[in-house]
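For reference, the structure is listed below as structure tokens.
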Amino acid sequence: MQDAINEIVGIMEFFPAVYKIQIVDRDHIILCCSDPVFTEKPFTSAIDLLEWCENNLDKKNDYI
């Protein structure tokens, strides 16, 4: 559980537009972001969520 929490926090820190990630159940994750307007986007896995963020959102410059 802690690994999942750490992964979610990492995504939120890496992509400043992300302000909330909801885990509804095992196969239902909702991303809330504002880039440039408010968006709620559903995902079925954390991998899909991360791929979408990498392809569609600006990354934080000072991420290591």
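Checking (i) 70; (ii) 28; (iii) 34 against percent of Cα pairs over 18 Å apart calculated from these atoms, the matching label is (ii). Relative to the current alpha-carbon distance between Ile47 and Ala4, full extension at 0.36 nm per residue lengthens the span by 14.3 nm.
Each residue, Asp27 and Thr39, gets one label point 7 Å from its Cα in the Cβ direction; the gap between the two is 2.4 nm. The residues Val9, Val37, when put in order of fewest to most other Cβ atoms within 10 Å, stand as Val37, Val9.
Here, each number is a calculation from the coordinates, and none is a lab measurement. Everything numeric here is computed off the predicted structure, so don't read it as measured data. Using ideal geometry, Cβ is built from the backbone for each residue, glycine included, and neighbour counts are taken over all protein chains shown.
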